[in-house]
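Participant: Sending over a structure as C-alpha cells; questions will come in a sec.
The values are calculated or read from the model by the stated rules, or taken from the named source; none is laboratory data. Being a predicted model, the structure only gives us computed values, none of them experimental. Methodologically, a virtual Cβ is constructed for each residue, glycine included, from the backbone with ideal geometry; neighbour enumeration extends over all protein chains shown. Ligands, DNA and RNA are excluded from the accessible area calculation, which covers all protein heavy atoms including side chains. Shrake-Rupley method; radii C 1.70, N 1.55, O 1.52, S 1.80 Å.
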Amino acid sequence: MSKIFVARLLGLDVFDPLGDRLGRLRDVVVVSRGPKKAPACVGLVVEVPGKRRVFVPMTRIQSMESTQIICSGLVNMRRFQQRGQETLIVAEMFDRVISFVDGSGKGVIEDIGLSQTRRGDWEINEYYVQRGEATTSLLGLRSRKRDKVLVSWEDIRHGARSEPQAADTFVATHDDMKAADFADALHEMNEKRRLEIAAHLQDERLADVLQELPDREQVQILSALGLERAADVLEEMDPDDAADLLAEVSEETKHQLLDLMDEEEAKDVRRLLAYPEGTAGSIMTPVPVILTPESTVAEALASVRLEELSPALASTVFVVRPPLETPTGRYLGQVHIQALLRTAPPNPLGDILDTELEPMSDLADIQEVVRHLATYNLTSVGVTNKEGRLVGAITVDDVLDHLLPDDWRTQDA
C-alpha cells in the first residue's frame, strides 16, 4: 500500500506521461464519507502556467511520489472552484484543532498522510498531530504544548469548521512562495480562513501579499486587522500601493490610519492621495533612485543593487540638484542601467546624463504616460511638478495595474 504525506507533495511538479510539465501541486481535495470511513481523496489542485489553479481528479493520477506526480489524459483547464462537500487539506485542515477519541485532550493537525488502497483509490490514513492547542505568548508568537504524535484517522474527531483556526503550519509550508502566488492561494480560500492566515503573517510579508490581492480582499483584510496593526502594515507597503488601498476605505478610516502611520511614511502617501485619479501623480512611486550629478557611477550601481527595488525601478537613476528627497531640487536628467555598466566606476553621473528624454508632468493623463513609455521603449520615466522638481517616477508595472481590468488577478487566462 502506497503512503505519502501532503506537506511533502506541496510544490511538486506535475507531469503528463510524455514528461511535459503540467504545473505545480498546491493542494489536495478530500470529501468526507461519514464517521466509519476514512475521508476520500478525490483530486489535486494544480497551478498551471498563468497562475491559474485547476482540478485534476485522482482518476487521472498515474503515480504520486515524494519526487514527482504523473497524470494521464486530458485535464480540464477551467479555474478550480471548490464544491460544498469538498475540503482542501492545506488551506482548511492544516492547523485545525481536533480532539482525541480516547479522551486524552486536543491537538492541532500539522500534516496528513494519504494512502492508496488495493483498488487504487487514495484516502486519508493518518494525521500528524501536535498535542495541545496553539497558544499566544506575550510577544505575540505562537507556541504549542507537549509532543507530536502520528495517529490513525479513526482516533481523532474534528471540531466545527467555524471554530478559530491557527495558521502556523500553512504559513511555514508556504514560506518560500512568492507573494503573488501566496496571494493567489489566499484568494481561493473562504473569508474566515483568509483572515486567519493574513493575521498570522509578519507585517512585511503581509504588505507584500496584500499588494497582490484584489481590492475587495485588501480592504477586507485591512479592516479585520484593527487600526494600529493596519497602520503598521501600510507603512511596509510601497507608498503608491498604500495610497491605492486607502482610496478604497471610508474617509474616516483613511484619516485615522494616516494619523497612526509613521509621519515620514504617511507624508508620501498623503501626497499621492492629493492627486486627481487618473493622473501621473496618482500612480507614481515617490521614492525612485535619486542622486546628484556629482555622484559617481560606483555610487549609482550600489544604489540600484538594493534588494527592495523592483527591476523596473532599478533600471534608472534620476539626477537632480539637492535636496534629493522628493520634491527634489531641479530635475536634470536620467541615467540608464546600461550606461552605468558601460562607464568607469569613478566617473560622475553628470558626464553620462540622458537629457533628451523629457519627464512627465505630474498632472499628465495616464494614457499619455503609456504612450511615452511605449514610444521610447522605457521601463520607467521621471515625473516632475510645474516647478521642474522631481516628485516621483512611473514604471511599466505601475501603468499595467491601471490598464488591466480591475478583476485581472481573478480572471481566467
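Participant: In a shell of Cβ-Cβ distance under 12 Å around R330, excluding R330 itself, what net charge do Lys and Arg (+1) and Asp and Glu (-1) give?
Facilitator: +1
Participant: Among P164, A185, L213, which residue has its Cα furthest toward the positive end of the charge dipole of the range 157-218, with +1 on Lys/Arg Cβ and -1 on Asp/Glu Cβ?
Facilitator: Result: P164, furthest along the dipole toward the positive end.
Participant: A follow-up question, please. Any idea what Rg and Dmax come out to for the range 164-274 if you just take the C-alpha atoms, in Å?
Facilitator: When restricted to Cα atoms, the range 164-274 yields Rg and Dmax of 13.6, 42 Å.
Participant: Let me ask something else about it. Among the listed pairs K3/K51; K51/K267; K36/K192; K178/K386; K51/K386; K36/K106, which are separated by more than 32 Å between their Cα atoms? Can you show the working numbers first?
Facilitator: Numbers: K3/K51 29 Å; K51/K267 35 Å; K36/K192 29 Å; K178/K386 39 Å; K51/K386 42 Å; K36/K106 21 Å.
Listed pairs above 32 Å: K51/K267; K178/K386; K51/K386.
Participant: Now a separate question. Round to a whole number: what % of the accessible area of the range 164-274 belongs to carbon and sulfur, probe 1.4 Å?
Facilitator: Answer for the range 164-274: carbon and sulfur cover 43 percent of the accessible area.
Participant: Leaving out ligands and nucleic acids, note down the accessible area per residue over the chain with a 1.4 angstrom probe, in whole Å².
Facilitator: Details: 20770 Å² over 413 residues.
I get 50 Å² per residue for this part.
Participant: Based on Cβ point charges of +1 for Lys and Arg and -1 for Asp and Glu, what charge dipole magnitude is obtained for the chain about its Cα centre, in debye rounded to the nearest 20?
Facilitator: 2220 debye
Participant: Could you look at the range 290-401 and say what percent of its accessible area is carbon and sulfur, using a 1.4 Å probe and all protein chains?
Facilitator: 53 percent
Participant: So what's the net charge close to A160: Lys and Arg +1, Asp and Glu -1, counting the other residues with Cβ under 12 Å from its Cβ?
Facilitator: Cβ neighbours under 12 Å give a net charge of +3.
Participant: Can you give the FRET efficiency to the nearest 0.05 for R118 and Q202, using r as the Cβ-Cβ distance and R₀ = 41 Å?
Facilitator: It comes to 0.35.
Participant: Tell me, what is the percent relative contact order of the range 3-88, built from C-alpha pairs under 8 Å that lie six or more residues apart? Walk me through the numbers before you get to the answer.
Facilitator: Numbers: 163 pairs, mean separation 24.8, N = 86.
Taking the mean separation of contacting Cα pairs over the length of the range 3-88, I get 29 percent.
Participant: Take N347 and Q81, extend 7 Å from each Cα along the Cα→Cβ direction, and tell me the distance between the two endpoints in nm.
Facilitator: 5.9 nm
Participant: A follow-up question, please. Among Q218, Q256, Q334, determine the one that fluctuates most according to a GNM of the chain built with springs between C-alpha atoms less than 10 Å apart.
Facilitator: Of the options given, Q256 has the highest mean-square fluctuation.
Participant: List the trypsin sites (Lys or Arg not before Pro) in the range 233-331 that DSSP assigns to loop (not H, G, I, E or B) and whose Cβ has at most 12 other Cβ atoms within 10 Å. Which are they?
Facilitator: In loop regions of the range 233-331 (DSSP not H, G, I, E or B), the sparsely surrounded trypsin sites (Lys or Arg not before Pro) are R305.
Participant: Only sites in a loop by DSSP and with at most 16 other Cβ atoms within 10 Å count here; which GluC sites (Glu not before Pro) in the range 226-265 make the cut?
Facilitator: Filter output for the range 226-265: E248.
Participant: DSSP loop (so not H, G, I, E, B), at most 14 other Cβ within 10 Å: list which GluC sites (Glu not before Pro) in the range 1-96 pass both filters.
Facilitator: Those that pass, being in a loop and sparsely packed, are E65.
Participant: Now, a different point. How far is it, in nm, from the label point at T59 to the one at Q220 when both lie 7 Å from their Cα along the line to the Cβ?
Facilitator: 3.2 nm
Participant: Find the Rg to Rh ratio for the chain, where Rh is the Kirkwood radius over alpha-carbon pairs and Rg uses the same atoms.
Facilitator: Ratio value, two decimals: 1.06.
Participant: Further, regarding this structure: So how much accessible area does M284 have, in Å² to the nearest 10, using a 1.4 Å probe?
Facilitator: Ignoring ligands and nucleic acids, M284 comes out at about 0 Å².
Participant: In nm, give the distance between the simple-model label positions of F100 and H187, each being 7 Å from the Cα along the Cα-to-Cβ direction.
Facilitator: The two pseudo-label positions are separated by 4.2 nm.
Participant: Now, a different point. From the C-alpha coordinates alone, can you work out the Kirkwood hydrodynamic radius of the range 3-88, in Å?
Facilitator: Every distinct Cα pair counted, the radius reaches 13.2 Å.
Participant: Less than 15 Å Cβ to Cβ from F15, Lys/Arg counted +1 and Asp/Glu -1: what total charge do the surrounding residues give?
Facilitator: Every neighbour counted, the sum reads -2.
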